Every structure is written in C-alpha cells, then in structure tokens.
Amino acid sequence: MAESERQPHPPAALEATGRRIGIIGAGFTGALLAVHLIRQCRTPTQVLLFDRTGRFGPGLAYRTDDRGHLLNVRAANMSAFPDQPDHFLRWLDPLDPGANAAGATGQAFATRSQYGRYLQDILETARREAPPFVHFEPVFADITDLEPEGPGHRLIAADGSGYRVDDVVLCLGNFPPRPPAIANTGFFDDPRHYLSNPWDNAAIEAIPPDRPVLILGSGLTMVDVVMTLTRMGHRTPLVVLSRHGLLPTVHRASAPWPDFIAGTELPATVSGLFLLVRAQVRQAARHGGDWRSVIDSLRPHLPALWRGLPLSERQRFLRRLRPYWDVHRHRTAPEIAGTIARLWEREMLRLVTGRLLDLERKDGATLATIRPRGADSDVTLTTDVVINATGLATDILSVPDALIRNLLARGLVRPDPLAIGLDVCDQCGLIDRAGQSVPNLYALGPLTRGAWWEITAVPELRNQAAQFARHLAGRY
Ligand SMILES: Cc1cc2nc3c(=O)[nH]c(=O)nc-3n(C[C@H](O)[C@H](O)[C@H](O)COP(=O)(O)OP(=O)(O)OC[C@H]3O[C@@H](n4cnc5c(N)ncnc54)[C@H](O)[C@@H]3O)c2cc1C
C-alpha cells in the first residue's frame, strides 16, 4: 500500500492496555526517540510525546523561519538515522531553491527551517505507518512536575492536568542563556530594551532599524541575531560584546585527517590531550591539511576521551578550554561567514572585548558599563536595545525551568558532578539524590552532557536516540 493511502489506526483501542511511555520534549531527540519506539515496540504500547510549544519535531534549533539561519553541519551529515546516512539528502526537495545546493553535493548547508520540516515529516510518516498495537499521540502540554505513582509516574502539566505513564524520558534539550551578572537586575524587566531570548525572532524583527543594539556574546547565537537584524534592514552598526573576543570559525572543505586516537593510550589530562591535538594540527599544516579535519577526526572518540578524564581535569577543561573548544568545534556555514565578514568590513558590526558590569536606562538611552579586557578602568557604552546572545545555559542548578527545579526538589534527580546536566547511568537512567537509579525515569540529549560531553548535535544525538530506543523497546 502506498504511504499516502495508509489510514491512521484508531487511537482509542489502546486506552486501557499496553505500556505508556511519556517523552517530554519534541525536539530532535524526543521526536527521533518516538519514531524509533513506534517502529521497534513489539507489544501494545502508547507513546505520548509532550511539547510545550505545540510543535512536534523542530524543537528550539529548527523552529526558526528565517532563511538566513542555516544548519551548522553539512547536509550530508544531518541524516536523522545512523544506519541511513543519505536519508536527509534524499528527503531534500530538489525543487526547493534553498535545497538545491545542499541536496546536490551534500557539502552545503540547508536551512534550519527545512530541517524542522524534515523532522516533522519523519514523525508523521512513523505515525502513519505505526503497527496497530502502537499508538502515538503528540500532546500539547508544558510538563512542570512528576510524581512517582505505583511502578510508574504521573506527569503534571502547567494547567493542572495529569498523565499516568510507565516510563518517562526527559528530552528537554537546551535552555536559553542566563541573564548576565549585573548589579541593576531591574533592567531585565523592560522587554523594550532587554531581549532575554535570542531565538525569539518576532521580538528581534520588531526592533526598529535605526535603534542602537548591543549583542552580548559573540558565538553562533550572535550570528543568528545578526542575520535576522540584517534581513530586517537594520541600519545602525551593531555592537558585539565578547569576554574573550573569540568569533565563530568557518567550515572549509578539507581532506579527512587519519584517526590518531584509535589504538593509542588515551591522555588522562587536558593538557596531554591539548598537546596531542596541537602536534597533529602542526603535522596537518605541514602536509597541506587543515586543523578542522584534526578536530573532526577526534569526534568519534570524544565520549571515551571525556570519560577517561578524572573529574578535576574535566573541571579544568570547562574553566580554561571550553570557549576555545566551542569556537573550533561549532563552526558556521561559509555563506553566513561571508555575510558577517562583509558587515565587519562595512563597520556595520563592531567588536568590544570585555566584561559587562552593569546596564541602566538614563535620559532615554541604555548605558552599558564595561570593563575592557586587560584594562583597569571601566568604559560606558551608549546603546538602546540589549540582546542576550551568550549561548545555551548549562548550569543546571540555575536554569529557571519548573520541571528541573521540581525534580531536583523532590530528590528524583541530581546534578552530574559538574552540574552541567543531570546525573545518568550508562543506559541514560536518571540517578536520584541518594545515588540510586530511579526506575523507569531517563534523560537523553544535552541534559546528559555531564556523562558524554559532546551530546549536543545531530551526529551524536541520532546515535543516542537509536541506541536508547533499542534498550527501552527491548524491555517489553
Ligand atoms: C539555535 C540552535 C541551532 C542549532 N543548529 C544545529 C545544527 O545546525 N546542527 C546540529 O547538529 N545541531 C544544532 N544544534 C544543536 C541542537 O542541540 C541539536 O541539533 C538538537 O536540535 C537538540 O534537540 P533536543 O530535542 O535535544 O532539544 P531541543 O531542540 O531544545 O528540543 C527540546 C524540546 O523540549 C520542549 N520542552 C522542554 N521542556 C519541556 C517541558 N517541561 N514540557 C514540555 N515540553 C518541553 C521544548 O519546547 C523543545 O521543543 C543547534 C542548537 C541551537 C540552540
């Protein structure tokens, strides 16, 4: 039967029977987990996929409609399925003008909105093709709490409704940036002059083009903001404030570098690893190679490298190397880099390196007090709108997320030893305050970065979702 002729099965049949799996969060991770479970469960199962936005598939990263927001991974490496590397390329519609280059070569970068549609499509196809004993239901709800109930759990939504489930998988994804540490926190209460969410395209589009804008942070989030403001015809130079002055690096086609980790003893210190990588980068340069290929060849080994480091070394990495690692590891598409380069050249973008100390409104302007890097006195910068683009918040103890806070307060979860996510065992089971595995409660995706570190992008997340689905589906 052709795909389009298949009829969805009636959902009510399973109301009273079968196991219920609740997936909280319908971004890439939650959506792919649902797809794998729908395909792999062999006994009556209900898969409930919750999202507070009412959109199922795109998540935070791929819900943007801005065509200037491109993927930061080549199309050829964005398949949602580890065992079908060309799945995304085959999906890309050759008639879509934005997809041509990406689809033809696989080396180009599709738009993030296309990728969001891809994920929605995969989910819809899985729903249509579900076997009659698997019922899939997307649920538009903000889950704010969870209490153990019998052998399972009861999920509690912001509107007070409750859902009994047997297994719960947290796929909450990424959290927006934390507000900067300034004295005058009252400044944050004025949404006309402070934008706390750099992914709120509507709020950025609403900034009048003649208003001075200060963007906090100089990474890929800053790039997104600049692309949107530029598309909207912003006329006033944009000022970017960066602590380290590091700007995103750019993808470049380069020959793969041989695996220099496999078969060697893994370094047990960050400096050992750093020296090893630097030596390889030098060698690559001597042979006409590129540092990007060296970093990329490390990628399959990153979980083992991370887990091989003692806690004190992981802490050192976060303190000293993280910003440098981030700019080399997360790169921007050349098209985007070209636009940004032109803006620097035309002085429509200006970089200030230093630390933000305070923000205040005075005489109709916003005054930003900044300590320039290496200076011993402050400067005042006059602007109007401040956009917080400092990147994803990873300090799990301070994210203002109701579900995380309630789970921590109940002692059902605990921070990982670095407090950059939640503590999980090897099978992604959550560990409670007392150090015990909580039955039937799991986390996937960026929440597990303490255990694996590099678990942010599609190439890693697709493996995690597929492996975990096999584990869960295999249990019943
Ligand atoms: C702006 C941006 C661009 C990116 N670009 C790329 C890229 O080009 N390539 C790449 O490989 N990676 C990219 N990434 C990395 C990204 O982390 C992953 O690709 C992936 O999208 C993460 O998916 P996720 O499902 O884990 O999280 P998310 O996409 O953050 O999805 C989590 C979902 O959970 C929902 N949710 C959270 N809490 C609750 C709750 N309590 N109740 C109900 N719903 C809830 C949210 O609404 C959201 O839809 C990007 C990340 C960002 C932020």
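Every number here is computed from the coordinates shown, using simple stated rules; none is lab data. Note that the coordinates shown come from a computational prediction; the quantities given were computed from them, not determined experimentally. Reconstructed Cβ throughout: ideal geometry from the backbone, glycine too, with neighbour counts over all protein chains shown.
Our coupling estimate for region 158-167, obtained by passing each phi through the Karplus curve with A = 6.51, B = -1.76, C = 1.60 and θ = phi - 60°, is 4, 8, x, 6, x, 9, 7, 9, 8, 10 Hz, Gly and Pro reported as x. Calculated mean residue ellipticity, 222 nm, the chain: -9000 deg cm²/dmol, from DSSP H runs (n ≥ 4) at -39500 (n - 2.57) each, averaged per residue and rounded to 500.
Applied to region 122-139, the Karplus parametrisation 6.51 cos²θ - 1.76 cosθ + 1.60 on θ = phi - 60° returns per-residue 3J(HN,Hα) values of 4, 5, 5, 4, 4, 4, 4, 9, 4, x, x, 8, 10, 10, 10, 9, x, 10 Hz, with x for Gly and Pro.
Packing-based ranking of 151-162, 39-50, 325-336 yields 39-50, 325-336, 151-162, ordered from highest to lowest mean Cβ neighbour count within 10 Å.
Residues whose amide H lies under 5 Å from that of Ala393, counting only those 5 or more places away or on a different chain, are Phe175, Arg178; hydrogens are built 1.01 Å from N in the peptide plane. Taking amide H positions as modeled 1.01 Å from N, with prolines and chain starts lacking one, the residues under 5 Å from Asp145 and 5 or more places away or on another chain are Ile156. Residue-normalised convex hull volume from the C-alpha trace of region 270-329: 74 Å³ per residue. Sequentially through region 72-86, phi angles give Karplus couplings (6.51, -1.76, 1.60; θ = phi - 60°) of 9, 10, 4, 3, 5, 10, 10, 4, 7, 10, x, 8, 9, x, 9 Hz, Gly and Pro residues having no value and appearing as x.
For the chain, the longest principal axis of the alpha carbon atoms and the long axis of helix 270-286 meet at an angle near 70°.
Against the chain, whose longest principal axis comes from its Cα atoms, helix 220-231 is set at around 70 degrees. The spacing between region 421-445 and region 37-55, judged by their C-alpha centroids, is 20 Å. Stokes-Einstein diffusion for the chain at 4 °C, viscosity 1.567 mPa s, with a Kirkwood radius from C-alpha pairs, works out to 54 µm²/s. By how many degrees, between 0 and 90 and to the nearest 10, does the Cα long axis of helix 334-345 differ from the longest principal axis of the chain? With rounding to tens, the tilt is 20 degrees.
Peptides 270-278, 134-142, ordered by how many other C-beta atoms sit within 10 Å of their residues on average, highest first, read 134-142, 270-278. Take each peptide in 257-267, 298-308, count the other Cβ atoms within 10 Å of every residue, and average; sorted highest first, the result is 298-308, 257-267. May I ask for the distance between the Cα centers of region 269-300 and region 158-198, given as a whole number of Å? The distance from the Cα centre of region 269-300 to that of region 158-198 comes to 37 Å.
The value of relative contact order for region 270-329, using C-alpha pairs under 8 Å at least six residues apart, is 39 percent.
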